[in-house]
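Down below is the structure, laid out as structure tokens.
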Ligand code: AMP
């Protein structure tokens with residue numbers, strides 16, 4: 001049965017390749033809240049050739065973090081859209097303590113709160129295996145894996161027939177860089193949200209549906225109307 005949680009504001013954390021995008025899409029379907037992926041927003045800016053796209057391209061291709069001021073303004077703009085008023089799941093934001101502070105302040109200004117941060121945990125070697133084999137449809141963005149979920153026809157999307165491409169930042173060198181960046185700059189946020197008492201850890205190894213069941217259990221335990229314990 002589909003459960004709708006009104007005004008459910010969530011953060012989905014985890015290293016690159018942990019399955020944040022996949023889990024976020026399942027949350028969109030089940031809870032009817034939009035997935036806000038800063039990675040997707042930045043890639044769209046790059047594809048459109050906008051000023052913002054030109055500014056962020058080199059960071060994204062090398063696996064470095066886009067400067068906080070740029071990514072915070074992209075995120076806050078998106079959060080102002082009407083579809084975010086009834087809740088959202090942040091995928092890939094925040095990635096630094098500065099971003100988390102900016103989010104906390106913006107939420108407070110808007111008299112909103114984050115109800116939960118769900119952090120998916122996966123060991124580095126598994127992440128490298130997952131990311132180097134990942135292929136994404138250039139038309140519908142469906143994700144495949146050469147070993148774990150290969151398309152029926154090589155290089156072609158099962159869903160829409162589009163061409164499957166490897167993201168430039170899924171090469172081994174860039175992945176190593178992205179993992180270093182994650183451990184140095186993003187992992188401290190685990191403690192940050194633990195201290196705020198809104199952290200929930202999920203083991204990201206195993207079947208996608210099994211992981212999603214754990215995510216749903218966590219969401220079931222959140223009470224959007226009870227903001228008394230939430231300090232953000
Ligand atoms: P993702 O699709 O989430 O793996 O993000 C792809 C790339 O976009 C990252 O490697 C960064 O270069 C950039 N990016 C996405 N989200 C952020 C963020 N919150 N802060 C800084 N850079 C980001």
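Where a number appears in this text, it was derived from the coordinates with a stated rule and is not lab data. For clarity, every value in this text was computed on a predicted model and none was experimentally measured. For neighbour counting, all protein chains shown are included, and Cβ atoms are generated from backbone atoms with ideal geometry for every residue, glycine included.
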### Query
Going by how many other Cβ atoms sit within 10 Å of their own, how do 13, 26 line up, fewest first?
26, 13
### Task
Provide the FRET efficiency to the nearest 0.05 for the residue 173-residue 51 pair, computing r from the beta carbons and using R0 = 25 Å.
0.35
### Message
For region 155-219, what does the convex hull of the Cα positions come to per residue, in cubic angstrom?
### Response
146
#### Entry: Helix axis angle, 172-181 relative to the chain longest principal axis, alpha carbon, degrees
10
### Message
If I fit a long axis through the Cα atoms of helix 20-31 and take the longest principal axis of the Cα atoms of the chain, what angle between them do I get, 0 to 90°, rounded to 10?
### Response
60
### Task
Using Cα centres only, tell me the gap between region 85-102 and region 145-212 in whole Å.
17
### Query
With a Cα-only, solvent-free Debye model of region 119-230, what are the log10 I(q)/I(0) values at q = 0.15, 0.18, 0.23 Å⁻¹?
-0.86, -1.05, -1.24
### Query
Helix 97-109 versus the longest principal axis of the chain: what is the Cα-based angle in degrees, 0 to 90, to the nearest 10?
50
### Query
In nm, to one decimal, how far is the modelled label at residue 113 from the one at residue 81, with both set 7 Å along Cα→Cβ?
2.7
### Task
Please identify which residues in region 165-188 have an amide N closer than 15 Å to a label point set 7 Å out from the Cα of residue 146, following the Cα→Cβ vector.
165-175
### Message
Based only on other Cβ atoms within 10 Å, what is the fewest-to-most ordering of 148, 93?
### Response
148, 93
### Message
No solvent, one uniform scatterer per C-alpha: report log10 I(q)/I(0) for the chain via the Debye equation at q = 0.12 1/Å, two decimals.
### Response
-0.67
